[in-house]
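The values are calculated or read from the model by the stated rules, or taken from the named source; none is laboratory data. Owing to the predicted nature of the structure, the values given are computational and were not obtained by experimental measurement. Cβ sites come from the backbone with ideal geometry, for glycine too, and all protein chains shown count toward neighbours. With ligands, DNA and RNA removed, areas are computed over all heavy atoms of the protein, side chains included. Shrake-Rupley method; radii C 1.70, N 1.55, O 1.52, S 1.80 Å.
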Amino acid sequence: MLFSKKPKHLSLDPNRIPVHVAAIMDGNGRWAQKRGLPRTAGHSAGSETFQRAAEHLSDLGVKYFTVYAFSTENWKRPPEEVGEIMRLLESYLRRAVREMREKNIRLRFFGDLSPLPAELRALIEETDAISQTIGGMQANICLNYGGRAELTRAARLLAEDCKAGRLAPEDITEEAVSARLYSADIPDPDLMIRPGGEERLSNFLLWQNAYTEFYFTDVLWPDMDERLLDEAIAAYQQRKRRYGGI
Ligand code: FPP
């Protein structure tokens, strides 16, 4: 082939690839509206972009990729849109069950999954089981997730442990809180990408993002291709991380 359709990649420092990348997949609705399509077409394009992004980050050597797919506040959207997002997740997971071993990407789910449709929960269980056998990059999909809800849950778990005599209040350390978050066994994000033009956290990974480097762009999520992800990582590689030191 004379011309490759794949966008040209930036040269990145292989020694400074972020271990954990997080993304808020914002701008799907506007992407669709700009094309005269229903908002749900934007979510559909957004789920394809998620898959491409996961494969690209895995190729670069990223170990964890965490995305905000459905927040605790997203239930306020029109029921047709909520239903369509749930259907999209189901069809995504049906495909993942068949393909995730070949792609060597395992899936995990952060959030309160109990109010999700039964069919979706069954698929989540199926992908969870397959994930145990996969050694590659871990993609965490946040579903019915909110940072405040996650911290409230951790506080409740700590209180229960104290009440049962398993934990003394003076043993409530930062590690004890971290251990009760959905992300208990993984490192905090190094880089958080928010496309879609808004520059806020929107209740995403409130605890985990304490020292994360943020990258904001006006590009809409469905347009975040490999080259634009590389640009975000290149910007991250220019940052000096001080963690409160000098
Ligand atoms: C935010 O864009 C996006 C969402 C609330 C839904 C994201 C869900 C998916 C991409 C579907 C499936 C996900 C996976 C992981 C397979 P918005 O609707 O707020 O966009 P807008 O700001 O342009 O209105």
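When Ala45, Ala41, Ala53 are checked against the criterion of being near the ligand (Cβ under 9 Å from one of its atoms) and under 24 Å from Leu229 (Cβ atoms), a single residue qualifies: Ala45.
In the stretch 156-173, what residues are touching a residue at least 12 places away in the same chain (Cβ under 8 Å) and either among the hydroxyl-bearing types (Ser, Thr, Tyr) or part of a helix (DSSP H, G or I) (or both)?
Across the stretch 156-173, the qualifying residues are Leu157, Leu158.
Looking only at residues in the stretch 1-37 that are basic (Lys, Arg) and more than 16 Å from the ligand (Cβ to nearest atom), the one that is modelled with the highest pLDDT is Arg16.
For the stretch 180-189, does any single residue satisfy the condition of being modelled with pLDDT of 95 or more and over 17 Å from the mean Cα position of the chain (by Cα)? Within the stretch 180-189 (the criterion being modelled with pLDDT of 95 or more and over 17 Å from the mean Cα position of the chain (by Cα)), the answer is yes, since at least one residue qualifies. Has the stretch 24-43 got at least one residue that is more than 21 Å from Gly147 (Cα to Cα), open to solvent by 60 Å² or more (accessible area, probe 1.4 Å), in contact with a helix residue (DSSP H, G or I) (Cβ under 8 Å, 6 or more places away or on another chain) and part of a loop (DSSP other than H, G, I, E, B)? Yes - at least one qualifying residue is present in the stretch 24-43.
Out of the residues in the stretch 212-238 that are more than 16 Å from the ligand (Cβ to nearest atom) and either more than 18 Å from Leu57 (Cβ to Cβ) or touching a helix residue (DSSP H, G or I) at 6+ places or on another chain (Cβ under 9 Å) (or both), state the one that is most open to solvent (accessible area, probe 1.4 Å). Per the stated criteria, the residue is Gln238.
Filtered by the rule that a residue be open to solvent by 40 Å² or more (accessible area, probe 1.4 Å), farther than 15 Å from Trp221 by Cβ and out of contact with any helix residue (DSSP H, G or I) (no Cβ under 7 Å at 6 or more places or on another chain), the stretch 179-198 gives Ala179, Asp185, Pro187, Asp188. Kindly indicate whether Ser91 is within 12 Å of the ligand (Cβ to nearest atom), among the small types (Gly, Ala, Ser) and surrounded by fewer than 19 Cβ atoms within 10 Å (Cβ to Cβ). So Ser91 passes the test.
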